Every structure is written in C-alpha cells, then in structure tokens.
Amino acid sequence: MTGKKLLIKHAAELITCAGAAPKKGAAMADIGIISDGALVAEAGKIVWVGPTDDLPPDSEEQCEVIDATGQCVMPGFVDSHTHMVFGGYRPEEFFWRLAGTPYLEILERGGGILNTVQATRSASLAELKDLAARRLENMLAMGVTTVEGKSGYGLDLDTELRQLAVMDELNREQPVEIVPTFLGAHAVPPDYKGRTDDYVDYMIKEVLPAVVRQGVAEFCDVFCEQGVFSLAQSRRLLAAAKNMGLQAKLHADEIVSLGGAELAAELNACSADHLLQASDAGIAALSQVRTVATVLPMTAFCLRESYARARVMIDQGAAVALATDYNPGSCFSHSMPLVAALAAIQLNMKPAEIVTALTINGAAAVNRADRIGSLEIGKQADVVILGYPSHLYLVYHAGMNIVDKVIKHGRLIWNKSGRKQHGKEQ
Ligand code: NIG
Ligand code: FE
C-alpha cells in the first residue's frame, strides 16, 4: 500500500500541530510552525520532520520527492462529525426554514430527519455506498483524510446496520479513513411516536447489541434535544453503549439549552457536538474534562441560528474541534473552507486555533490523537499541502478550496496542480 519513501521539502511553512491529546484553551494557538520545513515518510508513517537544511545527506535516495516551495504543509484534516451515508435530499426544507418554519417543527410533522429515514430505508446498500463513495472523493479533494460518519437514518435494525455496513466496506475500498458512529437515537420513528422510552429500550436490547456483535461502530451518539431524546434517555442509552464497549458522543444543546454539555462532561464523552445553546455552566464543565467541544459553524449558518460560543470555550480552557456536520437537512455542505471562514469571522477563532481544531483536536474527537492529527515521528503520514505559503490563506482566501495535494499513509492520492501534467498520478 505504501510503496517507497516520500520526502517533502522546502515547505514555506510546515505545521506540526504536535501533540497526542486534545489541545485545550491557550494551547490551541500553539501549532509548531517550521519554516522551510521538510518531512520524510516511510511505510505509511512519518520518520523525520524538521528544517530542510537539517535533512540527513542521503535523504533523497529512493524517495519520491515533492518540492513544496511556496506552499504550506500541514496534517490532513479530520472531519469529526458528519452524517455522510443517506438517501434522498431535502432542498424544500431549507427554504421553509428561511421562511420561518423551525427545524424541530418540520421534524415534529414527520419531515426533516424522518423524511431522510424513508429515503434511506428504501435505498439498497449498493445505492447508499455509491453515493457515499462520491461524497468521500469530494471530501478528499478538500483535504479530509479522516472522516467520522454516523448512522441514524434507519431507526430500525436493518437500515442502521446497512448504513454502518456501507462505511465498513468503504473503509476497505477507498483511502479516506471512516470512523463509524451508531446514531440509532437520532429521531423517534413513526411507529414509536409518543413512546420514546420504548424506542430507547428497543435500541438497547436489540439494535445496539447487533451493532456491537458486528463490530461496525466505535461510538454511540444521541440527538439529545427538546422533544427528541431527553437528558435521562440519552444518559441511559449512552451508559448501555459504554457497557457494550462504545464510547459516547452527544448532539448537545443544538437548538434548545437542555444541559447536553453538562451531560457530556458528566459522562466523560469523547465529544460534545453543536453546543449552539450551551450554558455557562455547560462550557465551564467541558473545560474541566477531556471531552472535545465540537463546533459546527456551517449548521448555525444554514439554520440561521446564533453561533456556538467557541471563543468563550477556548478562553475558559476547553478543547475545541471544528467539523462540517455534513447531512441532507441542517447542513448540506462538507466545505472545509467555509468552516474555516466562519470560524474566523463568526466565532472569532484565531487562524492557528482553527488549524488545531481541524487537525489534532478533530483527531481527539474521534479518539485518534495518538495516531493522526499532527506531523510527528511515528504518526501516520496523512498530510495536506496547500497551494499557498501559509495557513492564513485557509481563511483569507474565503470559501475557496486551496488544497493542492493530499497524502494518505505516505502516498500521494490527490494532486491538483499535477492533474494536467501528471494525470496518471491520481
Ligand atoms: O447534526 N440535529 C440532528 N442531526 C443533524 C441533522 C440531521 C438532519 O437534519 O438530517 C445535525 O444537525
Ligand atoms: Fe450532526
């Protein structure tokens, strides 16, 4: 898979993001920039990082060499929150919302997530897989080397397992690593309407054990929200999942301030996501624990809601990650450039904090900070090369994809500037 050695040299900026744990608070601004940097990868791993001048003399022997003069080299992006396996689309809803119908009201009427559930239930594994594969290619072109993906558009045993099977198969067939999350508690399906506790029982007794038996999920997530799953129901499901070996994630305080952030901290969840309405106490609780606060600014943008208070979270010492929330409803976009722009312009995050949030903290949000998310000896050689000399361009070239090359496991798998001249490299 990995072939010969790879050497990248003369990077205007090589950003290491060094660390093996979530970076909290002020540490998020520390991204370890090496100017005129170089990196050597062998057998899929990083074996050397430093200034180009310090490269050992025989470094170029038997190496594929990339000259990154005028370019910024950084860890591959980790999109740690997506719902990328689904059937159907919901374009009308976007405009209903803009015209004033609330997101939760559309769901309550049997639309929203439940609309996608119908379309996903009637799609075959091959259809879902084909759609997801194309989405992954587009993500890769934006520098995403690892992506988390959730089930949650089945809400029954067969379809939940089918969504997870899609990710399992794609993990073996294409280069972007997929981290699978079981989100059976994404909405209450029509046959359980008014019987949410019974639905949680069904998840705990039948669906979760099957998911765990098949080994197709690492995390269990819940849409903990007013009128969807309460704090008590979320706590019960996540505790059961933990007993079965799955780590916790939470859709927390997205629409209503319910105490989801506090619950995530109480459970020591791997991440608490959304947090648009997280309370002061919730933010304070997150800053005391290892739980990553995953902020999804494109969702607030698309829902025309106020943004999560990422600046307060960082200033209080929390670890913030940024992700897309790509899904067919609240945020039909996997644009990393838009995430970066919104993070700077609307969340008041500094460029260096944004880099941390998209790399090492994204890795921590999927429990992989020991393997990916930074450019350090021993880590997986997942690297992005930008078409510009500094990370500042991620925000400054607003909404534009400036990724030039993507390297996964030490192998060049996307090459924009090489496309015309070296089409075969793709
Ligand atoms: O993260 N809010 C819950 N889940 C998704 C939206 C899913 C959908 O609308 O299809 C979210 O926003
Ligand atoms: Fe989500």
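Worth a mention:
- In a DSSP loop and with at most 15 other Cβ atoms within 10 Å, the trypsin sites (Lys or Arg not before Pro) in region 185-271 are LYS193, ARG195.
- Available extension along the chain between ASP201 and MET400 is 67.1 nm, counting 0.36 nm per residue and deducting the alpha carbon span.
- ILE377 paired with ASN138, simple spin-label distance in nm, labels 7 Å along Cα-to-beta-carbon: 4.2
- Under the simplified labelling scheme, the ILE345-ARG213 pair shows an inter-label distance of 5.1 nm, with each label point 7 Å from Cα along Cα→Cβ.
- Listed peptides 137-145, 48-56, 336-344 by packing density, highest first (mean Cβ within 10 Å): 336-344, 137-145, 48-56
- Hydrodynamic radius of region 78-365 per Kirkwood, over alpha carbon pairs, in Å: 18.5
- Among the listed pairs LYS24/LYS408; LYS5/LYS379; LYS249/LYS408; LYS24/LYS45; LYS4/LYS129; LYS9/LYS45, those with a Cα-Cα distance over 24 Å are LYS24/LYS408; LYS249/LYS408; LYS24/LYS45; LYS4/LYS129.
- Folded to 0 to 90 degrees: helix 157-173 orientation relative to the chain principal axis, Cα: 10
- Rel. contact order, % - alpha carbon contacts under 8 angstrom, at least six apart, region 78-365: 17
- Our estimate of slack between LEU55 and ALA43, defined as 0.36 nm per intervening residue step minus the Cα-Cα distance, is 2.5 nm.
- Degrees, to the nearest 10: 336-345 long Cα axis against longest axis of the chain: 80
Laboratory data are not the source of any read-out in this text; all were calculated from the coordinates shown. What you see is a predicted model; the values in this text were computed from it and never measured. Cβ: placed from backbone, ideal geometry, glycine included. Neighbour counts: every protein chain shown.
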